[in-house]
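These notes are about the structure you will find just below.
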Amino acid sequence: TEHKSNQTEITTLDTTSHNFTWQTFEFGQHSSSVLYDVAIIDENNIWAVGEIFTTDSYTYDSLGNWIDPYNAIHWNGSVWELVRIYYNYNGSKHWSPIRTILAFSDSDIWFGAGIHWNGMAFQTKPMDITFPYQINKMWGISSSDFYIVGNSGSIAHWNGSSWKKIESGTNLNIYDIWGDYNKIHQSYEIIVVAAKHMTSLERKLLILKNNSTNELSTTNISQGSLHGIWFKNEKRYYVVGNGIYTKGKISSLENWKRIDNGLTQNYIYGISGTDYNNIFLCGSFGESLHYNGVSWQSYRDTPGFFKNEFFNTAIKGNTVVVVGYDGNKAFIAKGDN
């Protein structure tokens, strides 16, 4: 009797380099400056957002014009340029901190939910819904299909012409949202992370589909709050906060596995990746971690990192950026390998 078996070809990803060369930058000389989010278009075009107070912030210039702080900063390949971005409402300019950014290209960038950069100018896109709480994060596939999430369970979707509010079923703050394409179902799998605050045991993972949410199990995530999420659909999922947890398939009964023991004891705010062999995490006390497909590398001992709070990170190509604050100054670390 002849026995035959089907041949299976397995492709694995190469490891990526841990060898980042770091540059660090600080901004702000008055009050407390901070950066909340960052987007990389390419290594010579990077935007970060927050609030940066210079020595003349909240004063008047020689002509009697009020001087607002900056709320964005742009890397042009050689220097960081401070930028003031205003929201125009009823013919007048309004300034506020910007907490999140979403970039689809160099001429298609959203700052918060209401300001769009078209490559030439900042345009106000007024919201036609009430979104009373701060916007913490955005995710989407185009300027006609993206989501915003915020405090007190707030979620809304933009279809290119109007907003639609989505009931989340929770009053917890929604800190992060991420999605990835499911080839089998030919649709995007989208998951949001909700929690009360970083010391609370109250947290939820919600899968977003057809403008409604369903709760995912977090029963074995026993150590407290969650703050960030990143995944490759049905391959590898990560959630972070008071711990780093991972599993292979969200649809399986497989438990979340905690992997931060011996790696870090610090709270993790942000996570970003290009594939499951190139993932970057950032958090309290300068915590910054890279996974290359086989091993984790910490950069917390990089000069200038230790005393910082890192709130978000972005990684693209050979460039990674983390943003946050150092004392009273906004802080950026840019790594290249």
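The values are calculated or read from the model by the stated rules, or taken from the named source; none is laboratory data. The structure presented is a predicted model; accordingly, all values stated were derived computationally and were not measured. Ideal geometry is used to build each Cβ from the backbone, glycine not excepted, and the neighbour counts take in all protein chains shown. With ligands, DNA and RNA removed, areas are computed over all heavy atoms of the protein, side chains included. Shrake-Rupley method; radii C 1.70, N 1.55, O 1.52, S 1.80 Å.
Grouping the Cα pair distances of segment 73-228 into 10 Å bins from zero gives a pair-distance distribution of 10, 37, 33, 18, 3, 0 percent in increasing distance order. Value of Rg to Rh for segment 254-331, rounded to two decimals, is 0.97; Kirkwood radius and Rg both from alpha-carbon coordinates. The phi-based Karplus calculation (6.51 cos²θ - 1.76 cosθ + 1.60; θ = phi - 60°) puts the 3J(HN,Hα) values of segment 143-153 at 6, 10, 6, 8, 10, 10, 10, x, 5, 6, x Hz, whole numbers, x for Gly and Pro. Largest GNM mean-square fluctuation across LEU102, LEU226, LEU216, computed for the chain with C-alpha springs under 10 Å, falls on LEU216. Rounded, prolate or oblate: which fits segment 40-147, taking a ≥ b ≥ c as square roots of the Cα gyration tensor eigenvalues, rounded meaning a/c under 1.5, else prolate when a/b beats b/c? Oblate, since a/c reaches 1.5 and b/c is not below a/b. Remark: segment 175-257 is approximated by an ellipsoid whose semi-axes, taken from the C-alpha gyration tensor as √(5λ), come to 21, 14, 10 Å, largest first.
The heavy atoms of TRP256 present about 20 square angstrom of accessible area, all protein chains included, probe 1.4 Å.
Too long at a 23 Å Cα-Cα cut-off: which of LYS196/LYS232; LYS137/LYS164; LYS196/LYS249; LYS183/LYS334? Result: LYS196/LYS232; LYS196/LYS249; LYS183/LYS334 exceed 23 Å. Residue ranking by accessible heavy-atom surface, 1.4 Å probe, largest first, among ASP14, ASP37, ASP106 comes out as ASP14, ASP106, ASP37. Taking all protein chains together, GLU81, GLU189 sort by accessible area into GLU81, GLU189, largest first [probe 1.4 Å]. Determine the shape class of segment 145-198: with a ≥ b ≥ c the square roots of the Cα gyration tensor eigenvalues, call it rounded for a/c under 1.5, and otherwise prolate if a/b is greater than b/c, oblate otherwise. The shape class here is oblate.
Rg/Rh for segment 108-152: what does it come to with C-alpha atoms and Rh from Kirkwood?
Details: Rg = 10.9 Å, Rh = 11.3 Å.
Rg/Rh for segment 108-152 comes to 0.96.
Can you give the alpha-carbon Rg of the chain over 2.2 N^0.38 Å, where N counts its residues? Mind dumping the intermediate values first?
Working: Rg = 20.6 Å, N = 337, 2.2 N^0.38 = 20.1 Å.
Taking N as the residue count of the chain, the ratio is 1.03.
Measuring with a 1.4 angstrom probe and ignoring ligands and nucleic acids, SER62 comes out at about 120 Å² accessible.
Positive-end ranking of THR15, THR55, PHE27 along the dipole of the chain, with charges on Cβ about the Cα centre, is headed by THR15. Rounded, prolate or oblate: pick one for segment 214-289, where a ≥ b ≥ c are the square roots of the eigenvalues of its C-alpha gyration tensor, a/c under 1.5 means rounded, and failing that, prolate if a/b is larger than b/c, else oblate. Verdict is oblate for segment 214-289.
Among TRP66, TRP110, the sequence by solvent-accessible area, most first, with a 1.4 Å probe is TRP66, TRP110. Rolling a 1.4 Å probe over the protein heavy atoms leaves GLU51 with an accessible area of roughly 30 Å². Out of the chymotrypsin sites (Phe, Trp or Tyr not before Pro) in segment 292-335, which ones are loop residues according to DSSP with at most 15 other C-beta atoms within 10 Å? Within segment 292-335, the qualifying chymotrypsin sites (Phe, Trp or Tyr not before Pro) (loop, at most 15 other Cβ atoms within 10 Å) are PHE306. Exposure here means at most 14 other Cβ atoms within 10 Å; with trypsin sites (Lys or Arg not before Pro) in a DSSP loop as sites, the longest stretch of the chain lacking them is 85-182.
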